[in-house]
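Engineer: Dumping the structure here so I can ask a few things about it.
The values are calculated or read from the model by the stated rules, or taken from the named source; none is laboratory data. On a predicted model such as this, the values are computed, not experimentally measured, just so you know. A quick note on method: Cβ atoms are made from the backbone with ideal geometry, for glycine too, and the neighbour counts reach across all protein chains shown.
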There are 2 protein chains.
Amino acid sequence: MLDLTQDVGALTARIVDIESVSGDERALADAVEEALTAQKHLKVERSGETVIARTFLGRPERVLIAGHLDTVPVADNLPSRVEGDLLYGCGTSDMKAGVAVALKLAATVPEPNRDVTYVFYDCEEVEAERNALTRLARDHAEWLHADFAVLMEPTDGVIEGGCQGTLRADVSVSGKRAHSARSWLGVNAIHGIEPVLARLNAYEARRPVVDGLEYHEGLNAVGVRGGVAGNVIPDACVVSVNYRFAPDLSLEQAEEHVREVFAGFEVAFTDGAPAARPGLTDPVAAAFAAAVGGTPRAKLGWTDVARFSTLGIPAVNYGPGDPNLAHQQGEYVSLTKIAESESAMLAWLKG
Amino acid sequence: MLDLTQDVGALTARIVDIESVSGDERALADAVEEALTAQKHLKVERSGETVIARTFLGRPERVLIAGHLDTVPVADNLPSRVEGDLLYGCGTSDMKAGVAVALKLAATVPEPNRDVTYVFYDCEEVEAERNALTRLARDHAEWLHADFAVLMEPTDGVIEGGCQGTLRADVSVSGKRAHSARSWLGVNAIHGIEPVLARLNAYEARRPVVDGLEYHEGLNAVGVRGGVAGNVIPDACVVSVNYRFAPDLSLEQAEEHVREVFAGFEVAFTDGAPAARPGLTDPVAAAFAAAVGGTPRAKLGWTDVARFSTLGIPAVNYGPGDPNLAHQQGEYVSLTKIAESESAMLAWLKG
């Protein structure tokens with residue numbers, strides 16, 4: 001059985017060596033379930049390859065600590081190996097170091113100062129519909145009830161608050177086909193996107209401060225397509241844009257903004273995910289920030305914290321891994337950083 | 001054996017009914033060769049499915065009359081049928097009506113007032129490298145020697161002089177990739193094509209008069225492509241442009257013009273064919289125009305007359321078919337127009 005009380009760096013190496021590529025997490029989920037079930041102070045639930053363990057101490061506040069069990073595909077980087085302070089291997093940084101910290105807390109802090117819900121879930125590295133949090137929110141929303149959530153994704157030991165939202169839209173221009181030898185009989189749709197690009201070039205991205213953190217938006221073309229044949233004036237051209245928006249806007253407000261920017265053009269939304277407010281001004285989050293220390297920063301990319309935000313739970317990213325190493329063949333994590341994370345979390349749950 | 005002296009409308013129907021889709025012209029080429037060889041005043045040559053017949057009367061001037069034997073694929077529109085004045089069927093307009101006029105002239109004008117080279121060739125409706133004129137110009141250039149050429153393509157009985165040239169170029173913009181959540185770390189290549197489109201929109205197409213005919217140029221985007229993924233700032237975008245240029249420019253001058261229009265951008269030429277001057281101010285061409293009558297007009301699309309022009313032979317399009325019906329399932333030709341073409345050509349060769 002997995003010894004959850006061992007040194008947190010050694011525990012990380014132990015679970016890194018249990019392969020758990022997305023869709024193939026069973027062995028690790030079984031080991032986690034077994035080890036947590038042995039802890040008498042925890043009530044353990046299982047759903048698919050997701051394991052949830054909760055304390056029920058009647059504390060006035062409940063916090064959720066989450067980590068995904070899955071990794072991107074192994075790239076000849078297992079088993080793990082240690083070089084000096086660094087532990088190398090698939091999933092070390094993203095995010096088994098964070099999972100190990102959470103597992104050790106679950107086993108070694110039987111009487112935390114707030115009730116804790118530990119969530120170890122599957123299929124984070126793949127399509128949203130396979131993500132276990134999607135299923136849990138639908139089928140077992142009560143398991144996820146909490147006042148605050150910490151997602152132990154790699155942040156280099158810094159609290160990253162909330163996350164920016166993202167939406168994609170196709171901005172379309174129509175024209176009229178004609179033979180290019182008589183181009184004046186047609187209307188060139190590719191020429192017609194000039195003002196779309198002019199608006200993108202003139203666009204000034206906002207950098208709003210939300211709950212004390214500065215975000216940085218962006219509105220960009222990520223694709224353009226048009227053309228029928230080398231001798232035909234094209235009758236259609238589409239610019240695909242991606243808007244990354246700060247958490248002071250809802251998804252609907254962000255869509256409205258994009259419609260305004262491209263007023264006069266046909267705009268069709270193809271994809272969207274809401275932003276999440278950092279919520280660090282809430283007392284429950286402020287207490288976490290005070291205990292962990294450091295200067296929180298805004299999360300610009302989209303992460304699962306937005307799923308908690310959608311459930312009404314303020315959430316932050318905080319973990320020992322380096323986010324820049326995620327998904328890389330040479331992925332590693334600092335053993336010192338893992339221990340620092342453990343200490344910071346202990347200070348929060350036992351302080 | 002094909003009776004070349006019959007009514008020219010009936011002769012047209014006869015050769016329309018000998019299927020001759022590009023690459024499959026042998027039966028028709030055999031029939032044409034046999035019928036022309038029976039004419040004692042003609043010297044007949046054969047190369048592949050191309051048949052050439054020449055008079056050698058020692059006239060001071062030699063003219064070339066050409067037509068392609070092939071058609072686009074049959075579309076349930078054979079055999080031919082007559083409705084009133086109209087002959088329906090695959091290849092009626094493009095261009096067996098013109099071929100029939102040339103065949104009848106070859107048989108019935110044994111002593112034309114200028115020496116004549118009749119050229120019936122294959123593979124005009126397909127890629128340039130398969131076009132028989134490409135092969136003839138390389139292997140039998142002496143067969144094509146002439147002072148003037150008439151290509152009996154469908155022009156509705158109007159002389160169409162020369163033809164515009166065409167070239168294609170890729171105008172490229174480079175950028176720098178970045179995650180779209182941190183777009184300011186990249187350089188967006190799609191945004192970078194705005195000035196390319198601005199130059200196209202501001203472009204004023206020339207309408208120069210060349211040898212008395214007004215041409216109408218055009219410079220247009222015919223394709224645009226860019227984009228890596230929905231969350232990536234793209235590092236490359238390419239606008240494909242097509243320049244249709246009047247015959248007062250060589251292909252090299254046209255390329256130079258496009259380079260100037262897009263100065264500062266990377267321009268790569270992908271395709272090009274020179275224009276052909278109408279040459280109607282040459283006495284030999286003027287005599288043709290005077291005999292045939294009507295008001296010549298400029299040819300805006302590219303045709304095989306440019307091949308003759310490249311060989312130093314002034315050339316025009318002139319034929320009984322309606323160019324707007326070419327390649328259509330319901331293709332037809334007016335029997336009256338075929339007879340008028342025959343009369344006009346007779347007036348030229350016997351006048």
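Engineer: Among B:Asp235, B:Asp211, which is the only one that is more than 7 Å from chain A (Cβ to nearest Cβ) and either more than 27 Å from the chain's Cα centre (by Cα) or polar (S, T, N, Q) (or both)?
Structural biologist: Details: B:Asp211 fails: either more than 27 Å from the chain's Cα centre (by Cα) or polar (S, T, N, Q) (or both).
The match here is B:Asp235.
Matching residues to (1) surrounded by 23 or more Cβ atoms within 10 Å (Cβ to Cβ); (2) assigned by TED's automatic domain parsing to the domain that holds B:Cys90:
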site	(1), (2)
B:Asn242	yes, no
B:Ser250	no, no
B:Glu256	no, no
B:Val267	no, no
B:Leu280	no, yes
B:Val284	no, yes
B:Val292	no, yes
B:Arg297	no, yes
B:Asp322	no, yes
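Engineer: Still on this structure: Does B:Asp76 count as among the acidic types (Asp, Glu) and touching a Ser or Thr at 6+ places or on another chain (Cβ under 7 Å)?
Structural biologist: Judged against the criteria, B:Asp76 is not a match.
Engineer: For the list (1) in contact with a Cys (Cβ under 8 Å, 6 or more places away or on another chain); (2) of a type outside the set (D, E, K, R); (3) at the interface with another protein chain (Cβ under 8 Å from one of its Cβ atoms), I need the number of the one condition that B:Asn188 fails.
Structural biologist: The failed condition is (1).
Engineer: Just to check your reading of the model, which residue among A:Gln253, A:Gln329 is without any contact (Cβ under 8 Å) to a residue 60 or more places away in the chain and among the polar types (S, T, N, Q)?
Structural biologist: Matching residue, one of A:Gln253, A:Gln329: A:Gln253.
Engineer: Show the residue pairs meeting these rules: Cβ distance below 8 Å; 6+ apart or different chains; first residue within segment B:124-151 and among the charged types (D, E, K, R); second residue surrounded by 20 or more Cβ atoms within 10 Å (Cβ to Cβ) and part of a helix (DSSP H, G or I).
Structural biologist: B:Glu124/B:Ala132; B:Glu124/B:Leu133
Engineer: Given the options A:Ala141, A:Ala146, A:Ala181, name the one that is away from every other protein chain (no Cβ under 13 Å) and in contact with a Leu (Cβ under 6 Å, 6 or more places away or on another chain).
Structural biologist: The conditions single out A:Ala146.
Engineer: Only one of (1) crowded, with 24+ Cβ neighbours inside 10 Å; (2) within 11 Å of chain B (Cβ to nearest Cβ) is not met by A:Trp302, so which one is it?
Structural biologist: The one condition A:Trp302 does not meet is (1).
Engineer: Which of (1) within 7 Å of another protein chain (Cβ to nearest Cβ); (2) surrounded by fewer than 18 Cβ atoms within 10 Å (Cβ to Cβ); (3) out of contact with any Ser or Thr (no Cβ under 9 Å at 6 or more places or on another chain) does A:Gly226 not meet, given it meets every other one?
Structural biologist: (2)
Engineer: Ok, one more. Filter segment A:193-208 for residues that are farther than 21 Å from A:Ser174 by Cα and either more than 7 Å from chain B (Cβ to nearest Cβ) or in contact (Cβ under 8 Å) with a residue 12 or more places away in the chain (or both) and give the result.
Structural biologist: A:Ala202, A:Tyr203, A:Glu204, A:Ala205, A:Arg206, A:Arg207, A:Pro208
Engineer: Residues B:Ala326, B:Ala273: which one is touching a Phe, Trp or Tyr at 6+ places or on another chain (Cβ under 6 Å) and within 14 Å of chain A (Cβ to nearest Cβ)?
Structural biologist: None of the other options fit; the residue is B:Ala273.
Engineer: Let me ask you something else. Can you tell me which of (1) closer than 16 Å to A:Gly23 by Cα; (2) at pLDDT 95 or above; (3) of a type in the set (Ser, Thr, Tyr) is the one A:Thr117 doesn't meet?
Structural biologist: Single failed check for A:Thr117: (1).
Engineer: Find the residue count for segment A:61-91, including only residues that are under 30 Å from A:Asp282 (Cβ atoms) and either among the aliphatic types (A, V, I, L, M) or free of Cβ contacts under 8 Å to residues at least 24 places away in the same chain (or both).
Structural biologist: 5
Engineer: Within segment A:44-95, count every residue that is out of contact with any helix residue (DSSP H, G or I) (no Cβ under 6 Å at 6 or more places or on another chain) and at positive phi.
Structural biologist: 4
Engineer: Quick check on my filter: what residues within segment B:152-176 are surrounded by fewer than 24 Cβ atoms within 10 Å (Cβ to Cβ), among the acidic types (Asp, Glu) and not assigned by TED's automatic domain parsing to the domain that holds B:Leu219?
Structural biologist: Residue satisfying the conditions is B:Asp156 alone.
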